[in-house]
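What follows draws every value from the coordinates through simple rules; no lab data is involved. Because the structure is predicted, anything quoted here is derived from the model rather than measured. Neighbour counts are summed over all protein chains in view; Cβ atoms, including those assigned to glycine, are modelled from backbone coordinates with ideal geometry.
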Amino acid sequence: MSTLYIIGTPIGNLEDLTFRALQILKGADLILCEDTRVTKKLLNHYQIKTPTLSYHQHSKLKKVEYIIQLLKEGKNLALVSDAGTPGISDPGNRLISAIITSPGLVVEIVPVPGSSAVTAAASISGIAMDKFIFMGFPPTKRKRKNFFEEIIESKYPVIFYESPHRILKSLRDLYRFTQKGEQISADRKIVVCRELTKKFETIYRGKIEKVIKEIKKNEIKGEFVVIVAGK
């Protein structure tokens, strides 16, 4: 039986790779990557020579069929994302779904836990996170208003991701969009994490307007994780 390992990789600091993940990456027949150039930086750091193959959201059906054929041949594959845990705001789950529904294919799918920006941010939030909602990236156009209204009305904390190019717009939209004609409370607390585990890691806390002002003071770069306290 072939095996597909779903491996969590560092979200920034390359030292955040588990010993187990390291050994599996070294021993796999092939590593499936969102972007082979990004993954090569991690592999080169640990002198891992395993060949790589790109698999991302734009991969065509032929690529999926090729991966399934490799598994049918008994190959052991490792799936990684550019950063963090596959299947969290990336196309990993689509591949897994295709594999488990492929006729006649018997594959052991093994999770290899590692870093995740969601849990890293939740762990330092100072907000009760026994229940929370993760919503991925905000829509850029359609359903954007609904996205933020859902956050505003949630009784549980909500976590979402955002890029450096849209973080200020999203925070402003979070403050501006309305639900039932009422503006979001000015007292709603948020936590914004920038560049988690990296050299310029920064954590912003407080009311939305205050956090927006603080972010604008610095060069806006790196990926962001936003936590909004429940209603």
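Between residue 137 and residue 198, how high is the FRET efficiency from 1/(1 + (r/R0)^6) when r is the Cβ-Cβ distance and R₀ = 22 Å? Nearest 0.05. Before the final figure, lay out each step's value.
Numbers: r = 19 Å, r/R0 = 0.88.
So the FRET efficiency works out to roughly 0.70.
In a GNM of the chain with a 10 Å cut-off on Cα contacts, which of 139, 111, 91 has the highest mean-square fluctuation?
Result: 139 has the largest fluctuation of those listed.
Got the relative contact order for region 2-115 handy, in percent, Cα pairs under 8 Å and 6 or more residues apart?
Details: 200 pairs, mean separation 53.2, N = 114.
The normalised contact order for region 2-115 reaches 47 percent.
Please rank 189, 207, fewest neighbouring Cβ atoms within 10 Å first, as an exposure proxy. The partial results should precede the final answer.
Numbers: 189 19, 207 15.
With the sparsest Cβ surroundings first, the list reads 207, 189.
Report the label-to-label distance for residue 45 and residue 72 in nanometres (one decimal), using points 7 Å from each Cα along the Cα→Cβ vector.
Once both label points are built, they end up 3.7 nm from each other.
May I ask you to sort 1, 129 by Cβ crowding, counting other Cβ atoms within 10 Å and putting the fewest first?
Details: 1 8, 129 16.
Result, fewest neighbours first: 1, 129.
Relative contact order for the chain: what percent, with Cα pairs under 8 Å and sequence separation of 6 or more? List each step's numbers first, then the result.
Working: 411 pairs, mean separation 49.6, N = 231.
Contact order relative to length: 21 percent.
Whats the longest run of the chain with zero GluC sites (Glu not before Pro) that are DSSP loop and have at most 11 other Cβ atoms within 10 Å? Before the final figure, lay out each step's value.
Values: sites that count: 15, 73, 219.
Answer - 74-218.
Within region 1-33, what residues put their amide N at less than 19 Å from the label point 7 Å along the Cα-to-Cβ vector of residue 106?
Taking a point 7 Å out along Cα→Cβ of residue 106, the residues of region 1-33 whose backbone N falls under 19 Å are 1-5.
Evaluate E = 1/(1 + (r/R0)^6) for residue 153 and residue 1, where r is the Cβ-Cβ distance and R0 equals 45 Å; express this FRET efficiency to the nearest 0.05. Before the final figure, lay out each step's value.
Values: r = 46 Å, r/R0 = 1.03.
E(calc), rounded to 0.05, equals 0.45.
Hey, fewest Cβ within 10 Å first, where do 55, 161, 46 land in order? Could you put the intermediate results ahead of the total?
On the way: 55 27, 161 21, 46 12.
Fewest-to-most Cβ neighbours within 10 Å comes out as 46, 161, 55.
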